[in-house]
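Have a look at the structure below before the remarks.
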Amino acid sequence: IAGITQAPTSQILAAGRRMTLRCTQDMRHNAMYWYRQDLGLGLRLIHYSNTAGTTGKGEVPDGYSVSRANTDDFPLTLASAVPSQTSVYFCASSEQGGTTDTQSFGPGTRLTVL
Amino acid sequence: GQNIDQPTEMTATEGAIVQINCTYQTSGFNGLFWYQQHAGEAPTFLSYNVLDGLEEKGRFSSFLSRSKGYSYLLLKELQMKDSASYLCAVRDGDYKLSFGAGTTVTVRA
């Protein structure tokens with residue numbers, strides 16, 4: 001099934017632990033994005049990648065890192081998790097360059113840091 | 001950066017019409033999007049406006065006024081399945097989206 005997959009679906013993590021959230025898309029989209037969604041704040045961009053091999057910082061990048069070794073995968077790493085990183089994380093992708101350039105979202109990862 | 005405002009909640013009756021307003025202040029503008037998000041699910045694309053005017057898609061319509069920094073999403077003939085959050089998002093010149101906090105619409109029988 002074409003689209004975006006994320007893993008894990010949910011995770012409870014002890015503070016200070018390292019965690020990588022996985023994101024894979026099979027639509028051959030150039031651009032990929034990571035957002036966090038918190039109640040009352042909406043979706044906020046953490047990091048993005050316009051094409052394989054490049055990444056950029058979004059609105060709330062601190063405490064997170066990303067890599068884009070190939071077109072399909074865009075993992076998000078929390079080097080040392082803190083409770084304020086408790087959130088729902090969404091990965092998204094888009095073709096980029098088109099007029100509409102709609103972002104498609106993965107199902108999300110619910111992360112709880114204790 | 002972007003500053004995007006939309007109401008927190010709205011309630012309407014099945015079969016009615018609801019209009020969700022969105023105002024924005026931007027440092028760059030390259031289109032406005034509306035997404036629908038059901039509880040516990042991912043956002044899904046509803047509509048896109050880049051020029052002033054109304055875009056109609058079945059029961060949903062979206063309007064944009066760039067000079068006023070204003071958009072609305074109109075939901076007609078409301079159905080129970082339309083109960084969801086509706087997210088207004090502005091795209092900047094770098095193709096990045098900034099989202100409003102979302103409007104939760106509750107449809108009552």
Linear extension gain, A:THR5 paired with A:GLU95, 0.36 nm per residue minus alpha-carbon span: 30.7 nm
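If you count, for every residue in B:92-100, the Cβ atoms of partner chains within 10 Å of its Cβ, what is the mean?
Per-residue shielding by partner chains comes out at 6.
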Charged-residue dipole, Cβ positions (Lys, Arg, Asp, Glu), segment B:1-99 about Cα centre, Debye nearest 20: 160
Dipole magnitude of the protein assembly as shown about its Cα centre (Cβ charges: Lys, Arg +1; Asp, Glu -1), debye to nearest 20: 400
Averaged over A:81-92, number of beta-carbon atoms from partner chains that fall within 10 Å: 1
Reachable lysines from A:LYS57, criterion Cα separation under 24 angstrom, eight or more residues apart if same chain: B:LYS96
Mean-position separation - Cα centroids, segment B:9-82 and segment A:1-21, in angstrom: 30
Within chain B, percent of DSSP bridges classed antiparallel, to nearest 5: 90
Ranked packing of B:2-13, B:29-40, B:97-108, most packed first, by mean Cβ within 10 Å: B:97-108, B:29-40, B:2-13
Relative contact order, percent, chain A [alpha-carbon distance under 8 Å, six or more residues apart]: 35
Average beta carbon contacts from partner chains per residue of B:46-55, 10 Å cutoff: 1
Aspartates and glutamates with Cα under 20 Å of B:LYS81, excluding same-chain neighbours fewer than 8 positions away: B:GLU9, B:GLU14, B:GLU41, B:GLU56
Segment B:GLU14-B:VAL50, extension gain: residue separation times 0.36 nm, minus the distance between their alpha carbons: 9.9 nm
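Computed from the coordinates by the stated procedures, all read-outs in this text should not be read as laboratory data. This one's a predicted model, so the numbers in the text were calculated from it and none came from an experiment. Cβ atoms come from the backbone with ideal geometry, glycine included; neighbour counts cover every protein chain shown.
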